[in-house]
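S.K.: Dropping a structure here in C-alpha coordinates format, bear with me for questions.
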Amino acid sequence: MSLDTVSQPTLVVESNPQQTGAYDFDRFNEAVMDTYARFPIALERGAGCRVWDTTGKEYLDFVAGIATCTLGHAHPAMVETVTRQIQTLHHVSNLFYVPVQGQLAQWLIQHSCAEKAFFCNSGAEANEAAIKLARKYAHTVQKIEHPVILTANASFHGRTLATITATGQPKYQKNFAPLVPGFDYVPYNDIQAIEAAISELDEGDRAVSAILLEPLQGEGGVRPGDVAYFQAIRRICDETGILLILDEVQAGMGRSGKLWGYEHLGIEPDIFTSAKGLGGGIPIGTMMCKQHCDVFAPGDHASTFGGNPFACAVALTVCETLAKENLLENVLARGEQLRTGLRALAAKYPALITDVRGWGLINGMELAAESEITAADVVQAAIAEGLLLVPAGPKVLRFVPPLIVTAAEVDAALQIVERAIATVNV
Ligand SMILES: *Cc1c(COP(=O)(O)O)cnc(C)c1O
(Lines give C-alpha, C1' and ligand atoms only; values in the text may rest on other atoms or scores of the structure.)
Protein backbone atom coordinates (compact mmCIF):
# COMPACT_ATOMS: atom_id res chain seq x y z
CA MET A 1 0.00 0.00 0.00
CA SER A 2 1.43 3.34 -0.93
CA LEU A 3 1.29 6.17 1.55
CA ASP A 4 -0.93 8.15 -0.83
CA THR A 5 -3.81 5.73 -0.37
CA VAL A 6 -3.93 6.10 3.44
CA SER A 7 -6.97 8.19 4.12
CA GLN A 8 -6.49 11.27 6.22
CA PRO A 9 -8.75 11.51 9.28
CA THR A 10 -11.13 14.43 9.17
CA LEU A 11 -10.77 16.84 12.05
CA VAL A 12 -13.96 17.05 14.09
CA VAL A 13 -14.10 20.15 16.23
CA GLU A 14 -16.76 19.97 18.89
CA SER A 15 -17.57 22.73 21.31
CA ASN A 16 -16.59 22.07 24.92
CA PRO A 17 -19.27 20.35 26.99
CA GLN A 18 -20.90 22.92 29.23
CA GLN A 19 -23.34 22.49 32.06
CA THR A 20 -24.11 18.85 31.52
CA GLY A 21 -26.16 18.90 34.73
CA ALA A 22 -26.08 17.28 38.17
CA TYR A 23 -23.29 14.73 38.38
CA ASP A 24 -23.84 11.13 39.52
CA PHE A 25 -21.10 10.79 42.17
CA ASP A 26 -22.25 7.27 43.18
CA ARG A 27 -21.80 5.96 39.68
CA PHE A 28 -18.26 7.37 39.59
CA ASN A 29 -17.48 5.76 42.96
CA GLU A 30 -18.71 2.37 41.76
CA ALA A 31 -16.09 2.40 39.02
CA VAL A 32 -13.12 4.34 40.42
CA MET A 33 -11.01 3.14 43.34
CA ASP A 34 -11.57 4.92 46.59
CA THR A 35 -8.10 6.46 47.02
CA TYR A 36 -9.14 10.11 47.44
CA ALA A 37 -11.46 11.95 49.82
CA ARG A 38 -13.13 13.95 47.06
CA PHE A 39 -15.15 17.15 47.44
CA PRO A 40 -18.58 16.64 45.85
CA ILE A 41 -18.14 18.85 42.83
CA ALA A 42 -17.47 17.65 39.27
CA LEU A 43 -15.38 20.02 37.14
CA GLU A 44 -15.72 20.09 33.38
CA ARG A 45 -14.32 23.34 32.00
CA GLY A 46 -11.69 25.96 32.77
CA ALA A 47 -10.34 29.28 31.49
CA GLY A 48 -7.55 31.27 33.11
CA CYS A 49 -7.91 31.03 36.90
CA ARG A 50 -11.55 29.94 36.73
CA VAL A 51 -13.20 26.53 36.44
CA TRP A 52 -16.84 25.49 36.12
CA ASP A 53 -18.64 22.42 37.45
CA THR A 54 -21.30 20.40 35.65
CA THR A 55 -24.08 22.54 37.12
CA GLY A 56 -22.50 25.69 35.68
CA LYS A 57 -21.23 26.98 39.03
CA GLU A 58 -18.04 29.03 38.66
CA TYR A 59 -15.01 28.74 40.97
CA LEU A 60 -11.82 30.71 41.38
CA ASP A 61 -9.13 28.04 41.20
CA PHE A 62 -6.52 28.53 43.94
CA VAL A 63 -5.60 24.83 43.79
CA ALA A 64 -4.42 24.80 40.14
CA GLY A 65 -4.24 21.00 40.09
CA ILE A 66 -2.15 21.28 43.29
CA ALA A 67 0.47 23.80 42.22
CA THR A 68 0.50 22.40 38.71
CA CYS A 69 -1.46 24.56 36.24
CA THR A 70 1.28 27.19 35.93
CA LEU A 71 -0.49 29.05 33.09
CA GLY A 72 -4.02 28.39 34.34
CA HIS A 73 -6.59 26.69 32.14
CA ALA A 74 -6.85 26.86 28.34
CA HIS A 75 -3.92 29.28 28.01
CA PRO A 76 -3.64 30.18 24.29
CA ALA A 77 0.08 29.27 24.18
CA MET A 78 -0.68 25.79 25.54
CA VAL A 79 -3.65 25.33 23.20
CA GLU A 80 -1.44 26.28 20.26
CA THR A 81 1.41 23.94 21.25
CA VAL A 82 -0.82 20.98 22.14
CA THR A 83 -2.65 21.31 18.82
CA ARG A 84 0.50 21.74 16.75
CA GLN A 85 2.44 18.93 18.45
CA ILE A 86 -0.35 16.32 18.31
CA GLN A 87 -0.63 17.03 14.58
CA THR A 88 3.14 16.71 14.15
CA LEU A 89 4.52 13.95 16.39
CA HIS A 90 3.32 13.05 19.87
CA HIS A 91 5.25 9.95 20.90
CA VAL A 92 8.14 7.89 19.63
CA SER A 93 10.72 6.30 21.90
CA ASN A 94 13.92 7.24 23.65
CA LEU A 95 15.56 4.71 21.34
CA PHE A 96 15.64 7.69 18.96
CA TYR A 97 16.65 11.32 19.35
CA VAL A 98 13.73 13.61 20.24
CA PRO A 99 14.82 17.16 19.27
CA VAL A 100 12.30 18.99 21.45
CA GLN A 101 13.47 16.94 24.48
CA GLY A 102 16.96 18.30 23.80
CA GLN A 103 15.56 21.85 23.54
CA LEU A 104 13.73 21.50 26.86
CA ALA A 105 16.86 20.13 28.55
CA GLN A 106 18.88 23.03 27.14
CA TRP A 107 16.35 25.59 28.43
CA LEU A 108 16.35 24.03 31.89
CA ILE A 109 20.14 23.82 32.01
CA GLN A 110 20.51 27.45 30.90
CA HIS A 111 18.08 28.51 33.63
CA SER A 112 19.40 26.44 36.54
CA CYS A 113 22.57 25.16 38.18
CA ALA A 114 22.16 21.74 36.53
CA GLU A 115 24.16 20.41 33.60
CA LYS A 116 22.19 17.27 32.71
CA ALA A 117 18.50 16.28 32.64
CA PHE A 118 16.57 13.00 32.66
CA PHE A 119 12.84 13.09 31.80
CA CYS A 120 9.98 11.08 33.27
CA ASN A 121 6.28 11.67 33.95
CA SER A 122 5.72 12.67 37.58
CA GLY A 123 7.24 13.92 40.78
CA ALA A 124 7.52 10.49 42.36
CA GLU A 125 9.29 9.16 39.28
CA ALA A 126 11.69 12.11 39.25
CA ASN A 127 12.55 11.40 42.90
CA GLU A 128 12.93 7.68 42.14
CA ALA A 129 15.44 8.63 39.45
CA ALA A 130 17.29 10.86 41.93
CA ILE A 131 17.36 8.05 44.51
CA LYS A 132 18.69 5.58 41.93
CA LEU A 133 21.33 8.07 40.76
CA ALA A 134 22.43 8.64 44.39
CA ARG A 135 22.59 4.88 45.00
CA LYS A 136 24.78 4.31 41.95
CA TYR A 137 26.95 7.29 42.95
CA ALA A 138 27.32 5.76 46.43
CA HIS A 139 28.48 2.42 45.05
CA THR A 140 30.70 3.70 42.25
CA VAL A 141 32.11 7.04 43.50
CA GLN A 142 31.65 7.28 47.28
CA LYS A 143 32.37 3.51 47.71
CA ILE A 144 29.71 3.09 50.40
CA GLU A 145 28.41 -0.47 50.57
CA HIS A 146 25.26 0.36 52.57
CA PRO A 147 24.38 3.94 51.64
CA VAL A 148 21.78 5.88 53.61
CA ILE A 149 19.72 8.81 52.31
CA LEU A 150 18.64 11.29 54.98
CA THR A 151 15.24 12.93 54.56
CA ALA A 152 13.15 15.20 56.79
CA ASN A 153 10.22 14.59 59.07
CA ALA A 154 6.97 15.98 57.57
CA SER A 155 8.46 15.77 54.07
CA PHE A 156 6.64 14.55 50.98
CA HIS A 157 8.37 12.90 48.04
CA GLY A 158 5.67 10.82 46.31
CA ARG A 159 3.68 7.57 46.46
CA THR A 160 5.90 4.85 44.98
CA LEU A 161 7.51 2.46 47.47
CA ALA A 162 10.88 4.22 47.50
CA THR A 163 9.32 7.68 47.68
CA ILE A 164 6.87 6.82 50.51
CA THR A 165 9.94 5.50 52.31
CA ALA A 166 11.71 8.80 51.65
CA THR A 167 8.59 10.64 52.85
CA GLY A 168 9.02 11.28 56.58
CA GLN A 169 5.33 10.85 57.46
CA PRO A 170 4.20 7.50 58.92
CA LYS A 171 0.62 7.99 57.63
CA TYR A 172 1.81 7.47 54.03
CA GLN A 173 3.77 4.32 54.97
CA LYS A 174 1.15 2.56 57.10
CA ASN A 175 0.29 -0.94 55.79
CA PHE A 176 2.87 -0.82 53.01
CA ALA A 177 5.78 -2.55 54.75
CA PRO A 178 8.33 -3.80 53.97
CA LEU A 179 9.59 -0.40 52.93
CA VAL A 180 12.80 0.26 50.99
CA PRO A 181 15.95 0.06 53.14
CA GLY A 182 18.54 2.82 53.29
CA PHE A 183 16.59 5.84 54.53
CA ASP A 184 16.71 7.73 57.82
CA TYR A 185 14.86 10.81 59.05
CA VAL A 186 15.75 14.07 60.76
CA PRO A 187 13.72 17.10 61.87
CA TYR A 188 13.54 19.84 59.17
CA ASN A 189 15.47 23.10 59.64
CA ASP A 190 17.60 21.55 62.43
CA ILE A 191 21.31 21.47 61.54
CA GLN A 192 22.42 19.73 64.74
CA ALA A 193 20.11 16.82 63.96
CA ILE A 194 21.72 16.41 60.50
CA GLU A 195 25.24 16.53 61.97
CA ALA A 196 24.32 13.97 64.63
CA ALA A 197 22.68 11.64 62.10
CA ILE A 198 25.69 11.77 59.76
CA SER A 199 28.14 10.79 62.53
CA GLU A 200 25.81 8.17 64.06
CA LEU A 201 25.21 6.44 60.73
CA ASP A 202 28.91 6.38 59.82
CA GLU A 203 29.78 2.90 61.03
CA GLY A 204 31.23 -0.16 59.28
CA ASP A 205 30.01 -0.31 55.68
CA ARG A 206 27.20 2.12 56.35
CA ALA A 207 27.27 5.90 55.78
CA VAL A 208 25.14 8.79 54.64
CA SER A 209 25.50 9.19 50.88
CA ALA A 210 22.87 11.86 50.22
CA ILE A 211 20.50 14.31 51.88
CA LEU A 212 17.09 14.74 50.19
CA LEU A 213 15.04 17.79 51.19
CA GLU A 214 12.35 20.12 49.89
CA PRO A 215 13.51 23.77 49.72
CA LEU A 216 10.06 24.54 51.15
CA GLN A 217 7.96 21.71 52.59
CA GLY A 218 4.69 21.74 50.63
CA GLU A 219 2.43 18.90 51.79
CA GLY A 220 4.04 19.11 55.24
CA GLY A 221 2.37 22.49 55.85
CA VAL A 222 4.01 25.07 53.53
CA ARG A 223 7.20 25.48 55.60
CA PRO A 224 10.03 27.43 53.94
CA GLY A 225 13.57 26.20 54.50
CA ASP A 226 15.91 28.33 56.64
CA VAL A 227 18.74 29.97 54.72
CA ALA A 228 21.32 29.26 57.46
CA TYR A 229 20.23 25.60 57.64
CA PHE A 230 20.62 24.98 53.92
CA GLN A 231 23.91 26.87 53.77
CA ALA A 232 25.28 24.75 56.63
CA ILE A 233 24.12 21.58 54.84
CA ARG A 234 25.83 22.74 51.64
CA ARG A 235 29.10 23.22 53.59
CA ILE A 236 28.81 19.74 55.14
CA CYS A 237 28.17 18.22 51.72
CA ASP A 238 31.16 20.05 50.21
CA GLU A 239 33.42 18.82 53.03
CA THR A 240 32.21 15.20 53.09
CA GLY A 241 31.20 14.52 49.48
CA ILE A 242 27.62 13.77 50.54
CA LEU A 243 25.15 14.65 47.75
CA LEU A 244 22.51 17.33 48.31
CA ILE A 245 19.28 16.46 46.47
CA LEU A 246 16.46 19.02 46.44
CA ASP A 247 12.88 18.06 45.67
CA GLU A 248 11.61 21.08 43.72
CA VAL A 249 8.49 19.25 42.55
CA GLN A 250 6.11 21.69 44.26
CA ALA A 251 8.17 24.84 44.95
CA GLY A 252 10.07 24.93 41.65
CA MET A 253 9.18 26.20 38.15
CA GLY A 254 8.57 29.78 39.23
CA ARG A 255 5.99 29.16 41.94
CA SER A 256 8.24 30.62 44.64
CA GLY A 257 8.79 33.86 42.71
CA LYS A 258 12.22 32.60 41.65
CA LEU A 259 12.51 29.86 39.07
CA TRP A 260 13.86 27.38 41.67
CA GLY A 261 13.30 27.25 45.42
CA TYR A 262 17.03 26.87 46.07
CA GLU A 263 17.55 30.43 44.81
CA HIS A 264 15.85 31.62 48.02
CA LEU A 265 18.41 29.68 50.04
CA GLY A 266 21.60 30.95 48.40
CA ILE A 267 22.86 27.46 47.59
CA GLU A 268 22.99 25.03 44.68
CA PRO A 269 22.01 21.36 44.96
CA ASP A 270 23.95 18.54 43.28
CA ILE A 271 20.70 16.99 42.06
CA PHE A 272 17.16 18.36 41.91
CA THR A 273 13.77 17.23 40.69
CA SER A 274 10.84 19.07 39.11
CA ALA A 275 7.41 17.97 37.97
CA LYS A 276 4.12 19.59 39.06
CA GLY A 277 4.38 23.02 37.39
CA LEU A 278 6.79 21.94 34.63
CA GLY A 279 4.16 20.88 32.10
CA GLY A 280 1.48 23.29 33.30
CA GLY A 281 -0.79 20.27 33.89
CA ILE A 282 0.50 17.94 31.18
CA PRO A 283 2.35 15.08 32.93
CA ILE A 284 6.13 15.46 32.86
CA GLY A 285 8.90 15.24 35.43
CA THR A 286 12.63 15.74 35.35
CA MET A 287 15.64 14.81 37.44
CA MET A 288 18.52 17.20 36.84
CA CYS A 289 22.07 17.12 38.14
CA LYS A 290 25.53 18.59 37.93
CA GLN A 291 27.98 16.88 35.63
CA HIS A 292 30.03 15.29 38.45
CA CYS A 293 27.10 13.17 39.70
CA ASP A 294 25.87 12.01 36.29
CA VAL A 295 26.93 8.38 36.70
CA PHE A 296 24.08 6.87 34.65
CA ALA A 297 25.02 4.78 31.61
CA PRO A 298 22.78 3.25 28.90
CA GLY A 299 20.46 0.69 30.50
CA ASP A 300 20.61 2.13 34.03
CA HIS A 301 17.28 3.93 33.94
CA ALA A 302 14.43 4.50 31.49
CA SER A 303 10.83 5.50 30.99
CA THR A 304 8.61 4.65 28.03
CA PHE A 305 6.73 7.94 28.05
CA GLY A 306 9.46 10.05 29.67
CA GLY A 307 10.44 13.05 27.60
CA ASN A 308 8.11 12.35 24.70
CA PRO A 309 7.67 15.07 22.05
CA PHE A 310 4.18 16.02 23.27
CA ALA A 311 5.04 16.56 26.95
CA CYS A 312 8.37 18.23 26.13
CA ALA A 313 6.82 20.65 23.63
CA VAL A 314 4.22 21.70 26.19
CA ALA A 315 6.80 22.05 28.99
CA LEU A 316 9.02 24.13 26.71
CA THR A 317 6.04 26.39 26.00
CA VAL A 318 5.40 26.74 29.75
CA CYS A 319 9.07 27.67 30.29
CA GLU A 320 9.13 30.18 27.43
CA THR A 321 5.81 31.71 28.49
CA LEU A 322 7.10 32.18 32.06
CA ALA A 323 9.92 34.26 30.59
CA LYS A 324 7.90 36.03 27.87
CA GLU A 325 5.06 37.14 30.16
CA ASN A 326 7.40 38.13 33.03
CA LEU A 327 5.46 35.79 35.27
CA LEU A 328 8.04 35.74 38.08
CA GLU A 329 7.34 39.43 38.67
CA ASN A 330 3.63 38.70 38.82
CA VAL A 331 4.24 35.82 41.24
CA LEU A 332 6.18 38.09 43.62
CA ALA A 333 3.61 40.91 43.48
CA ARG A 334 0.52 38.67 43.79
CA GLY A 335 2.20 36.67 46.56
CA GLU A 336 2.82 39.86 48.58
CA GLN A 337 -0.76 40.96 47.98
CA LEU A 338 -2.11 37.59 49.11
CA ARG A 339 0.04 37.39 52.26
CA THR A 340 -0.81 40.99 53.17
CA GLY A 341 -4.52 40.19 52.91
CA LEU A 342 -4.19 36.94 54.84
CA ARG A 343 -2.17 38.70 57.58
CA ALA A 344 -4.93 41.30 57.92
CA LEU A 345 -7.36 38.42 58.34
CA ALA A 346 -5.06 36.82 60.93
CA ALA A 347 -5.02 40.11 62.84
CA LYS A 348 -8.83 40.04 62.86
CA TYR A 349 -9.00 36.40 64.06
CA PRO A 350 -5.89 36.03 66.26
CA ALA A 351 -7.33 33.11 68.25
CA LEU A 352 -7.99 31.10 65.08
CA ILE A 353 -5.22 32.06 62.61
CA THR A 354 -1.73 31.60 64.05
CA ASP A 355 0.56 32.05 61.05
CA VAL A 356 0.74 33.14 57.40
CA ARG A 357 3.86 32.09 55.50
CA GLY A 358 5.23 31.22 52.08
CA TRP A 359 7.21 32.29 49.05
CA GLY A 360 5.70 33.82 45.92
CA LEU A 361 2.51 31.94 45.12
CA ILE A 362 2.96 29.01 47.49
CA ASN A 363 1.46 30.17 50.77
CA GLY A 364 0.00 28.65 53.89
CA MET A 365 -2.33 29.96 56.59
CA GLU A 366 -2.12 27.97 59.81
CA LEU A 367 -5.07 27.49 62.17
CA ALA A 368 -4.65 27.22 65.94
CA ALA A 369 -3.89 23.69 67.12
CA GLU A 370 -6.32 24.18 70.05
CA SER A 371 -9.21 25.17 67.76
CA GLU A 372 -11.69 22.51 66.66
CA ILE A 373 -11.79 24.12 63.22
CA THR A 374 -9.72 22.24 60.63
CA ALA A 375 -8.32 23.37 57.30
CA ALA A 376 -10.84 21.04 55.61
CA ASP A 377 -13.71 22.92 57.31
CA VAL A 378 -12.50 26.22 55.86
CA VAL A 379 -11.89 24.63 52.44
CA GLN A 380 -15.46 23.33 52.42
CA ALA A 381 -16.86 26.77 53.31
CA ALA A 382 -14.67 28.41 50.63
CA ILE A 383 -15.81 25.94 47.97
CA ALA A 384 -19.44 26.73 48.82
CA GLU A 385 -18.59 30.41 48.21
CA GLY A 386 -16.87 29.67 44.88
CA LEU A 387 -13.17 29.36 45.76
CA LEU A 388 -11.16 26.14 45.38
CA LEU A 389 -8.52 25.66 48.08
CA VAL A 390 -6.54 22.65 49.30
CA PRO A 391 -5.28 21.89 52.82
CA ALA A 392 -1.59 21.09 53.51
CA GLY A 393 -2.04 18.87 56.54
CA PRO A 394 -4.90 19.10 59.06
CA LYS A 395 -4.35 22.71 60.16
CA VAL A 396 -2.89 24.57 57.18
CA LEU A 397 -4.76 26.12 54.26
CA ARG A 398 -2.70 26.19 51.10
CA PHE A 399 -2.92 28.88 48.38
CA VAL A 400 -1.34 27.82 45.07
CA PRO A 401 -3.16 29.65 42.23
CA PRO A 402 -1.95 29.68 38.63
CA LEU A 403 1.05 32.00 38.20
CA ILE A 404 -1.03 34.19 35.84
CA VAL A 405 -3.45 35.14 38.64
CA THR A 406 -4.48 38.83 38.57
CA ALA A 407 -4.69 41.39 41.39
CA ALA A 408 -8.50 41.39 41.07
CA GLU A 409 -8.61 37.60 41.39
CA VAL A 410 -6.41 37.68 44.52
CA ASP A 411 -8.75 40.31 46.03
CA ALA A 412 -11.79 38.20 45.15
CA ALA A 413 -10.19 35.13 46.74
CA LEU A 414 -9.33 37.08 49.91
CA GLN A 415 -12.94 38.22 50.24
CA ILE A 416 -14.16 34.64 49.95
CA VAL A 417 -11.60 33.40 52.49
CA GLU A 418 -12.83 36.07 54.89
CA ARG A 419 -16.45 34.95 54.41
CA ALA A 420 -15.43 31.28 54.82
CA ILE A 421 -13.57 32.04 58.06
CA ALA A 422 -16.56 34.01 59.37
CA THR A 423 -18.84 31.04 58.50
CA VAL A 424 -16.77 28.40 60.33
CA ASN A 425 -15.78 30.63 63.27
CA VAL A 426 -19.19 30.67 64.96
C1 LIG B 1 3.46 16.28 44.65
C2 LIG B 1 4.85 16.06 45.11
C3 LIG B 1 5.56 14.89 44.78
C4 LIG B 1 4.93 13.76 44.01
O5 LIG B 1 4.60 14.13 42.72
P6 LIG B 1 3.64 13.18 41.85
O7 LIG B 1 3.64 13.83 40.51
O8 LIG B 1 2.31 13.16 42.51
O9 LIG B 1 4.26 11.84 41.84
C10 LIG B 1 6.87 14.79 45.19
N11 LIG B 1 7.46 15.77 45.90
C12 LIG B 1 6.81 16.90 46.24
C13 LIG B 1 7.53 17.96 47.01
C14 LIG B 1 5.47 17.08 45.88
O15 LIG B 1 4.82 18.18 46.24
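The values are calculated or read from the model by the stated rules, or taken from the named source; none is laboratory data. Note that the structure is predicted; figures quoted are calculated from it, not measured. Virtual Cβ from ideal backbone geometry, glycine too; neighbours counted across all protein chains shown. The accessibility values were calculated without ligands, DNA or RNA, using every heavy atom of the protein model including side chains. Shrake-Rupley method; radii C 1.70, N 1.55, O 1.52, S 1.80 Å.
S.K.: Can you give the Kirkwood hydrodynamic radius for the chain, in Å, rounded to one decimal and based on Cα pairs?
M.R.: Numbers: mean 1/r = 0.0438 Å⁻¹.
Radius from the Kirkwood sum: 22.8 Å.
S.K.: Now, a different point. So what is the 222 nm mean residue ellipticity for the chain from helices alone, if each DSSP H run of at least 4 adds -39500 (n - 2.57) and you divide by all residues, rounding to the nearest 500 deg cm²/dmol? Let's see the in-between values first.
M.R.: On the way: 13 runs with 152 residues, N = 426.
Helix contribution divided over all residues of the chain: -11000 deg cm²/dmol.
S.K.: If every alpha-carbon in region 311-415 counts as one equal scatterer, what log10 I(q)/I(0) does Debye give at q = 0.13 1/Å?
M.R.: Here the Debye-derived log intensity ratios amount to -0.52.
S.K.: In whole angstrom, note down how far apart the Cα centers of region 349-415 and region 117-148 are.
M.R.: Between the Cα centres of region 349-415 and region 117-148 lies a distance of 35 Å.
S.K.: Quick one: dipole size for the chain, taken about the Cα centre, charges +1 on Lys/Arg Cβ and -1 on Asp/Glu Cβ, in debye to the nearest 20. Provide the component values of the computation, followed by the final result.
M.R.: Details: 31 positive and 47 negative charges, 66 e Å.
Here the size comes out at about 320 debye.
S.K.: Multiply the residue separation of residue 86 and residue 20 by 0.36 nm, subtract the distance between their alpha-carbon atoms, and state the gained length in nm to one decimal. Please report the intermediate quantities before stating the final value.
M.R.: Numbers: separation 66, 0.36 × 66 = 23.76 nm, distance 2.73 nm.
Between residue 86 and residue 20, full extension yields an extra 21.0 nm.
S.K.: Over the chain, what is the mean sequence separation of C-alpha contacts under 8 Å (at least six apart), divided by residue count, expressed as relative contact order in percent? List each step's numbers first, then the result.
M.R.: Details: 827 pairs, mean separation 88.7, N = 426.
RCO, the chain: 21 percent.
S.K.: Given +1 on the Cβ of Lys and Arg, -1 on the Cβ of Asp and Glu, and no further charges, what dipole in debye does region 80-324 carry about its Cα centre, rounded to the nearest 20? Walk me through the numbers before you get to the answer.
M.R.: Details: 18 positive and 25 negative charges, 151 e Å.
Computed charge dipole of region 80-324: roughly 720 debye.
S.K.: Then there's this: Got the relative contact order for region 80-324 handy, in percent, Cα pairs under 8 Å and 6 or more residues apart? Working shown, then result.
M.R.: Details: 461 pairs, mean separation 74.0, N = 245.
Reported as a whole number, the value is 30 percent.
S.K.: Okay, moving on. Would you kindly calculate the translational diffusion coefficient of region 125-190, applying Stokes-Einstein with the Kirkwood radius from alpha carbon pairs, for 20 °C and a viscosity of 1.002 mPa s, and quote it in µm² s⁻¹ without decimals?
M.R.: Numbers: Rh = 12.3 Å.
D = 174 µm²/s.
S.K.: Additional query: Could you tell me the calculated FRET efficiency between residue 228 and residue 385, based on Cβ-Cβ distance and R0 = 45 angstrom, to the nearest 0.05? Walk me through the numbers before you get to the answer.
M.R.: Working: r = 40 Å, r/R0 = 0.90.
Here the calculated transfer efficiency is 0.65.
S.K.: Along Cα→Cβ, 7 Å out, is where each label goes; now give me the distance between the ones at residue 302 and residue 369 in nm to one decimal.
M.R.: Output for this residue pair reads 5.0 nm.
S.K.: Using a 1.4 Å probe on the protein heavy atoms, what percent of the accessible area of the chain belongs to carbon and sulfur?
M.R.: On the way: 10910 of 19890 Å².
Carbon and sulfur: 55 percent of the exposed surface of the chain.
S.K.: Using a probe radius of 1.4 Å on heavy atoms only, what accessible surface per residue do you get for the chain? Whole Å² is fine. Mind showing how you got there, number by number?
M.R.: On the way: 19890 Å² over 426 residues.
For the chain, the solvent-accessible area averages 47 Å² per residue.
S.K.: Can you give me the distance in nm between label points at residue 171 and residue 140, each placed 7 Å from the Cα along the Cα-to-Cβ direction?
M.R.: 3.9 nm
S.K.: Distance in nm between label sites at residue 153 and residue 343, each 7 Å beyond Cα in the beta-carbon direction?
M.R.: Calculated label separation equals 2.9 nm.
S.K.: Calculate the FRET efficiency for residue 329 and residue 200 from the Cβ-Cβ distance with a Förster distance of 51 Å, rounded to the nearest 0.05. Present the calculation step by step, with values, prior to reporting the outcome.
M.R.: Working: r = 45 Å, r/R0 = 0.89.
It comes out at approximately 0.65.
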